[in-house]
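Beneath this line is the structure, given in structure tokens, with notes to follow.
Here, each number is a calculation from the coordinates, and none is a lab measurement. Just so we're clear, the structure is a prediction, and the values are computed from it rather than from any experiment. Ideal geometry is used to build each Cβ from the backbone, glycine not excepted, and the neighbour counts take in all protein chains shown.
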Amino acid sequence: MQLAISILEGKPFRRDNYLTGALVTRDNARVLLLQNEEVVKQASRLTSLHGRVDAYLAQYKHQKIYMILFGVIIVLLLGLIVYTYRTIVMKHRLEEETANAKLQFFTGVSHELRTPLTLIAAPVEHLLEMGHLTDEQSTMLRMVQRNVNVLTQLVGEILDFRKVQNGKMPMVLSDFDLSDYMRQWLAVFNASAMKQKISLRLEVPETLPVRADLSKVERICYNLLSNAMKYTQTGGHIVFSAKKHDETVEIVVSDDGIGIPKDEVKHVFSRFFQASNASGGTGIGLALVKAYADMHHGKVAVESGEGKGASFIITLPLKQKGEMAAAPQPYVPLIVEDTEDVSSLNVSRNIDELIGSGEDSKPEVLIIDDNNDIRTYLRTILGSSYKVSEAADGKYGLELARRIVPDVIVSDVMMPVMDGFELCKLLKSEAATSHIPVILLTAHGLDSQRAEGYDSGADAYIAKPFSSRVLCSRVENLLKSRRHLHRLFANQADETEENGLSNEADKTFVSQLRKIIQDHLSDSELSVEKIGEEIGLSRVQLYRKVKALTGYSPVEMLRKARLARARHLLQTTERSISEVAYAVGFSTPSYFSKCYKEEFGIQPGQER
Ligand code: ADP
């Protein structure tokens with residue numbers, strides 16, 4: 001084109017030219033047109049292909065980013081899994097190490113305890129054998145002996161457990177009749193079951209020959225039975241049974257006690273484990289049960305739920321394989337029968353005895369503790385100055401407190417069924433018992449526990465071990481502060497009386513009582529029963545409560561209120577003596593005059 005334009009415009013041009021385009025002639029014009037169209041089509045296809053390639057490239061770029069992100073997440077996840085796994089393993093190892101350290105420490109302490117324990121046990125035994133002891137002395141020494149046995153057993157249990165763990169505990173196999181022994185083992189618990197009103201049932205075949213390590217099977221059964229006793233309330237049931245299968249024997253101890261929370265059941269056979277609702281103990285007993293069952297190639301299982309009781313099922317082979325003991329093993333029972341006098345519990349006293357007690361009768365103390373020996377000891381030190389009643393757990397203690405309305409309650413904190421804090425809260429919230437001072441005994445001297453004790457309304461808190469002098473003076477002080485209240489009431493200080501009371505329930509009670517009496521003063525029919533009905537207390541409860549708070553019986557208090565009103569009427573109105581007598585509910589003026597003289601030392605007529 002440029003060449004053609006140069007020729008036409010007469011501009012210089014190169015003469016020698018090679019034309020790159022084809023010569024368009026009439027003949028080839030059509031073909032060239034078609035070719036041109038084809039070229040345009042191809043060009044547009046190329047453009048679209050380019051577009052697609054670009055789109056694919058963009059997609060590829062995105063995918064690459066996703067891939068990288070995905071890779072990073074996978075790496076992070078893997079890291080997290082490894083970290084969690086390592087933490088779990090470390091935690092497990094740490095727990096294991098802690099448990100081992102604990103066991104090592106306990107083992108050390110146990111070894112150290114053996115000698116002093118022997119040195120307590122032997123002289124006590126010697127003293128008991130020598131005789132010439134008073135009843136009280138021998139009761140006390142027996143108590144020492146029993147408790148040394150408890151400690152010796154605990155120490156023995158820890159040392160045994162250590163031996164099992166080190167693989168140093170031998171199996172001593174012998175043939176024996178399991179039914180026969182189970183009968184004997186259960187009998188050991190008869191006395192304490194009777195005291196706690198727990199029914200024990202044995203379900204075994206007539207005979208049940210087995211080959212096993214007798215003392216280990218005994219330890220298994222003893223641990224399960226003593227746990228069942230510990231965690232079953234008054235009035236509960238325990239069944240101890242054995243069933244024979246083809247090759248195994250199944251020993252079951254089931255109770256209808258407090259049970260174990262569902263999520264904690266799986267841990268009960270672990271060393272040192274104690275459920276959240278447990279009270280006291282070491283957490284060794286069941287671990288030893290499992291260890292002994294394992295040594296017999298047996299199995300342990302437990303079915304339980306909170307408040308649903310617990311069933312422990314031990315399955316052992318009927319005929320344990322292994323070498324029999326060379327010589328027949330002399331059988332020494334693990335526990336000797338608790339022969340403490342069951343009748344020492346004076347819990348069912350009749351109502352007339354309670355009310356009929358005269359003016360000079362001793363104040364009554366209710367002792368609530370799950371340990372028999374602590375109860376016996378407290379009874380010994382308090383018995384000379386006070387009347388003493390006992391209960392073995394919080395729930396029964398509460399029931400008894402409602403019934404007998406004692407003057408002071410001394411209760412342990414750690415108790416199965418209902419602990420001391422809960423008991424104290426309930427006592428302080430009920431009209432019949434809210435005025436009773438409560439002393440809590442606990443094994444912990446921790447300030448936080450002390451605070452919890454006072455929060456629950458306790459009046460005093462004594463840490464175990466306590467001296468008998470401290471306890472006696474606490475009881476006496478609490479009774480004294482009640483006597484101080486008596487004076488407040490005796491002075492007829494009216495509305496200010498309530499200020500001497502710290503407990504809301506007591507304040508309500510006093511103002512309720514005063515209102516009933518004031519409203520019904522002229523009603524000669526107003527009786528103690530009627531007042532009790534209005535306040536919602538039984539005759540005994542009203543009597544004991546009014547007496548504790550005011551120092552008077554309800555009848556005396558009613559009479560005092562009537563006479564005080566009469567005096568007021570005589571001094572401020574012109575009414576005649578008989579009118580006043582009737583107005584304050586006396587049915588005869590002569591009886592009114594007699595009472596008036598007794599109360600104020602002068603005849604009603606002399607008031608004017
Ligand atoms: P200890 O009784 O000394 O605490 P154990 O190993 O004997 O130790 O028992 C471990 C825990 O299992 C106890 O602390 C208690 O929480 C629970 N437990 C055992 N037996 C029973 C039972 N019969 N009823 C309810 N809880 C039980």
Given a Förster distance of 35 angstrom, what is the FRET efficiency for Ser429 paired with Glu136, based on the Cβ-Cβ distance and rounded to 0.05? 0.35
Tell me, in nm to one decimal, what length is gained between Tyr591 and Arg514 on full extension, where the rule is 0.36 nm per residue of separation less the Cα-Cα distance? 25.4 nm
Taking the mean number of other Cβ atoms within 10 Å as a proxy for protection, how do you rank 163-172, 578-587 from highest to lowest? 578-587, 163-172
Whole-Hz Karplus ³J(HN,Hα) for region 52-58, in order, using 6.51 cos²θ - 1.76 cosθ + 1.60 and θ = phi - 60°, x for Gly and Pro? 5, 4, 4, 4, 4, 4, 4
Lys, Arg +1 and Asp, Glu -1 on Cβ, resulting dipole of region 35-142 about Cα centre, debye, nearest 20: 1140
Given pairs Lys91/Lys230; Lys195/Lys464; Lys197/Lys480; Lys515/Lys597; Lys464/Lys545 and cut-off 28 Å on Cα-Cα distance, the over-length ones are Lys91/Lys230; Lys197/Lys480; Lys464/Lys545
Using amide H atoms built 1.01 Å from N in the peptide plane, name the residues 5+ places from Leu173, or on other chains, whose amide H lies under 5 Å from its own. Ala325
Quick one: which residues, 5+ away or cross-chain, put their amide H under 5 Å from the amide H of Val388? H built at 1.01 Å from N. Val365
Which angle from 0 to 90°, rounded to the nearest 10, does the C-alpha axis of helix 214-230 make with the longest principal axis of the chain? 70
Which residue, chosen from Ile198, Pro170, His245, occupies the Cα position most advanced towards the positive end of the dipole of region 170-317, where the dipole is computed from +1 (Lys, Arg) and -1 (Asp, Glu) charges on Cβ about the Cα centre? Ile198
Charge dipole (the chain, unit charges on Cβ, about Cα centre) - positive-most of Ser429, Leu33, Leu286: Leu33
Please compute the length gained on full extension between Glu607 and Leu57, using 0.36 nm multiplied by the number of residues separating them and subtracting their Cα-Cα distance. 186.0 nm
Positive-pole candidate from Ser473, His126, Gln606, dipole of the chain, charges at beta carbon: Ser473
From the backbone phi of region 190-207, what are the Karplus-calculated ³J(HN,Hα) couplings (6.51 cos²θ - 1.76 cosθ + 1.60, θ = phi - 60°) in whole Hz, Gly and Pro given as x? 3, 4, 6, 5, 5, 4, 8, 6, 9, 8, 10, 10, 10, 10, 9, x, 3, 9
At what distance in nm do the modelled label points of Ser6 and Glu556 sit from each other, each positioned 7 Å from its Cα along Cα→Cβ? 14.8
Summing -39500 (n - 2.57) over every DSSP H run of at least 4 residues in the chain and dividing by its residue count gives a helix-only mean residue ellipticity at 222 nm, to the nearest 500 deg cm²/dmol, of -18000 deg cm²/dmol
Under a crude label model (7 Å from the Cα following the beta-carbon direction), how far is Phe105 from Ile74 in nanometres? 4.8
Inter-site label distance for Thr84 and Lys41 at 7 Å from Cα along Cβ, in nm: 6.3
Go through 44-56, 184-196, 222-234 and give me the packing order, highest mean Cβ count within 10 Å leading. 222-234, 184-196, 44-56
Loop-only GluC sites (Glu not before Pro) in region 218-252, please: DSSP not H, G, I, E or B, and at most 11 other Cβ atoms within 10 Å. Glu247
